[in-house]
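Student: The following block contains the structure, expressed as structure tokens.
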Amino acid sequence: MRVQSYPLKTLAIAIALSSQAGFAEEDMEVVEVEGHRLNGVNIVDLTDIQKKQANDLEDIFRDQPSITVGGSFGIAQKIYVRGIEDTNLNVSVDGATQAGYLFHHQGRLSIEPELLKQAELKAGAGTALDGPGALGGAIRFETKDAEDLLRPGENFGALIKTGYYSNTDGYKASFNLYGRLNDNWSGLLVLGRNDTHEIEDGRGNTLANTSTEQELGLLKLSGELAPGHKLSLSHERRYDDGRRNLRPHFYDAPWNQTTDQVSRRDTTTVNYDLDGNSDLLNLEISAFKTDSYLNQRNSSFNEGAGVESYGLNIRNSSLLGDHTLIYGVEYRDDRGYYINPNIEEDAKVYGVYIQDLYEVNDVLSVSYGLRYDRYTLDDVDNQSFSSNGFSPNANIEYKFTDQWSVRLGYSTALRGQKIKEAYLIGFRANHPDLKEEKANNAEISLNYQGDSIRGSLEVYRSEIEDVVGTVGTRATGRFFGNAGDLVTKGFGVNIAKSWERGEISVSYSHNKPELDGQPLDDGNLGIGTSFGDALVINANYRFPEQNLELGWSGRFVQEMDDIQEGYIPKPAFNTQDVYLEWLPMGTEQLSVNLTVSNAFDKYYLDHGTFGYDPDSQRTIGLPEPGRDVRLTLGWKF
């Protein structure tokens, strides 16, 4: 495990408190943790993504028991963290917030694993640095840059990768060109394409309208304008085309008509860092624009919707004795739009925040902070909403010994009205008496870090008051309103043992999300869902003489039988994955990756996609793919 340096000399405080803090990626740099849990922050890094040939969001988070990814295939996938849907988390790509919600019958996040350096998850209690409205935590995706691919002493390079997927008879190809333009500047260009046919489930059935045509691109330039002045610019585009069902997370049926669908995401970011050569001045300025768009077409209509966001975050860090103060201001403007007819609505949020990291002594560290946010929304029905408030937090860590420590955290978060769902602009109204949402998160964890063994036990409780969702019925009319109070309670356990050539880890998660005392069900779209307890086991072993690594992972999910009246239990399931990574030439110049996903060809529905319809008394969700043999060749020169 390797941890890079924090911008200030108080790295120890920042990392020690990160389980409660959830620092933004511009404040905490953590790399190459190979899917491990680092002081409460779950990290999936570039190494893990490559070895297991991650192809979508489910592959990225497969080893995290507290997360389920429903949707069966990329365009339909949603992330649920401790049962809470990602609409209630702050999600960003290179610091660019992914705001809004395109369509409740499919996922809102368009992420290409091939471009990622790492994915960082912080669930629950956080700090003022998590951004506005982080009700259930934060997920931060970071794309790779030239320095991640350049070898020591190398100025230019290229990486060509091509892969084959047996389940969908699909292929994936990418081209990476990177290098140092001079002593101060480096650049990266990535182009890729992913074409797959329709998915086959564990019973050999073909799932209609699940084929995919994807194109991706990333251009990133970074360097120094002058000593102490760093600048980074990037633009990412992901394009997804296919013949889909109108509700792509449900199976093909006459009531679920087929459409030609196009979705895309464009994200541009600019980051400027100033090292003032002073304990008082360490300035970071981040600006972004991101636009997510969905278009569905058939013979009778052509409609589309999207969310366009602009944002700015200005932050400074000052070292005052044993205190590190991180403070700043931020602004975001979200425009939700619908075409045919052309209508739109606008939401804004302004924030100011401060966080103090304080090392009291060698065994006690404290972090506390406060943020103030103001929200406004002008919707398509000429209604105006505004709200504002404070979100305090406090976190503490105490070390009993060099190996044992305990951490406690409490945080609140306020979220005013936002763009609800682009595809329903003009069709589903906001209730005129909408209240802001307020989250209260509490967490305690016991941690052990030895030479070859590490472990953690965490217990948490989260409450989101007046959570916003779709309320009403078809008969009375549906609208966006305050659906009730969402309470999630649970615990997680993680134990890992490492040797010189291998490692084994065991993780277990139990959580119970309830809305006004009732378990979440498949109809709580935009809020969350319930899923069974999950046990994840990972093991790997390296053969240095053969330049070979073998790995296995198993995910075991229990039956979900704590259900509302009228619903049925979600059946238990387990999946097994194996992988092999071979470097025939002993270096990264040539790599061979072989993965067998769902190795025993199990038929199952993920609990995040179960999709039981109590009216028709049938399960309408898509099954997961059956066995998928993936082979990728990479040539680096």
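Student: Could you check the range 332-358 and list, in sequence order, the residues that are surrounded by fewer than 17 Cβ atoms within 10 Å (Cβ to Cβ) and of a type in the set (F, W, Y)?
Tutor: Residue satisfying the conditions is Y350 alone.
Student: Scan the range 358-374 and give yes if some residue there is farther than 23 Å from S462 by Cα and out of contact with any strand residue (DSSP E or B) (no Cβ under 7 Å at 6 or more places or on another chain), otherwise no.
Tutor: yes
Student: Determine the pairs where a residue that is at positive phi and modelled with pLDDT of 95 or more, located within the range 583-603, has a partner that is surrounded by 15 or more Cβ atoms within 10 Å (Cβ to Cβ) and hydroxyl-bearing (S, T, Y) with Cβ atoms under 6 Å apart, the partner being 6 or more residues away or on another chain.
Tutor: Every condition considered, the pairs that remain are N598/T575.
Student: Of all residues in the range 153-171, which are free of Cβ contacts under 8 Å to residues at least 40 places away in the same chain and assigned to a loop (DSSP other than H, G, I, E, B)?
Tutor: Taking the range 153-171 and keeping what is free of Cβ contacts under 8 Å to residues at least 40 places away in the same chain, we get 153-156, 169, 171.
Matches in the range 153-171: G153, E154, N155, D169.
Student: Counting only residues that are crowded, with 21+ Cβ neighbours inside 10 Å and either more than 21 Å from the chain's Cα centre (by Cα) or more than 30 Å from N184 (Cα to Cα) (or both), how many does the range 221-246 have?
Tutor: The number of residues fulfilling the criteria is 4.
Student: Any idea which residue in the range 547-602 is surrounded by the fewest Cβ atoms within 10 Å (Cβ to Cβ), counting only those that are among the β-branched types (V, I, T) and farther than 30 Å from L149 by Cβ? Break it down stepwise before answering.
Tutor: Pass one, the range 547-602, residues among the β-branched types (V, I, T): 557, 563, 568, 575, 578, 587, 592, 595-596.
Subset that is farther than 30 Å from L149 by Cβ: 557, 563, 568, 575.
Values: V557: 23, I563: 17, I568: 14, T575: 21.
Of everything passing the filter in the range 547-602, I568 is surrounded by the fewest Cβ atoms within 10 Å (Cβ to Cβ).
Student: Can you pull out the residues in the range 187-200 that are surrounded by 21 or more Cβ atoms within 10 Å (Cβ to Cβ) and touching a residue at least 40 places away in the same chain (Cβ under 8 Å)?
Tutor: Taking the range 187-200 as the starting set, the residues that turn out to be surrounded by 21 or more Cβ atoms within 10 Å (Cβ to Cβ) are 188, 190, 194, 196, 199-200.
If the condition is that a residue be surrounded by 21 or more Cβ atoms within 10 Å (Cβ to Cβ) and touching a residue at least 40 places away in the same chain (Cβ under 8 Å), then L188, V190, N194, I199, E200 are the ones that fit.
Student: When residues of the range 303-331 are filtered for being closer than 16 Å to F427 by Cα and surrounded by fewer than 16 Cβ atoms within 10 Å (Cβ to Cβ), how many remain?
Tutor: Qualifying residue count, the range 303-331: 1.
Student: Residue under question is D577, and the condition is that it be in contact with a strand residue (DSSP E or B) (Cβ under 9 Å, 6 or more places away or on another chain), of a type in the set (D, E, K, R) and in a strand (DSSP E or B); does it hold? Give the derivation first.
Tutor: Details: in contact with a strand residue (DSSP E or B) (Cβ under 9 Å, 6 or more places away or on another chain): yes; of a type in the set (D, E, K, R): yes; in a strand (DSSP E or B): yes.
Yes, satisfied.
Student: Please find, among T488, T470, the residue that is within 25 Å of the chain's Cα centre (by Cα), of a type in the set (V, I, T), more than 30 Å from D381 (Cα to Cα) and crowded, with 18+ Cβ neighbours inside 10 Å.
Tutor: Numbers: T470 fails: more than 30 Å from D381 (Cα to Cα).
None of the other options fit; the residue is T488.
Student: Give the residue, chosen from N393, N447, that is crowded, with 23+ Cβ neighbours inside 10 Å and closer than 30 Å to I495 by Cβ.
Tutor: N393
Student: Could I ask something else about it? Tell me which residues, restricted to the range 128-152, are part of a loop (DSSP other than H, G, I, E, B) and either farther than 25 Å from L233 by Cβ or among the charged types (D, E, K, R) (or both). Please lay out each step first, then the result.
Tutor: Just the residues of the range 128-152 that are part of a loop (DSSP other than H, G, I, E, B), to begin with: 131-136, 144-145, 150-152.
G133, A134, L135, G136, K144, D145, R151, P152, listed by residue number.
Student: Quick one: count up the residues across the range 259-301 that are closer than 30 Å to A208 by Cβ and exposed (fewer than 14 other Cβ atoms within 10 Å of the Cβ).
Tutor: 5
Student: I'd like to check which strands (runs of 3 or more DSSP E) are fully inside the range 418-519 and have at least 3 residues that are closer than 30 Å to G554 by Cβ and of a type in the set (V, I, T).
Tutor: 477-498
The values are calculated or read from the model by the stated rules, or taken from the named source; none is laboratory data. Everything quoted here is computed from the prediction, not taken from an experiment. A quick note on method: Cβ atoms are made from the backbone with ideal geometry, for glycine too, and the neighbour counts reach across all protein chains shown.
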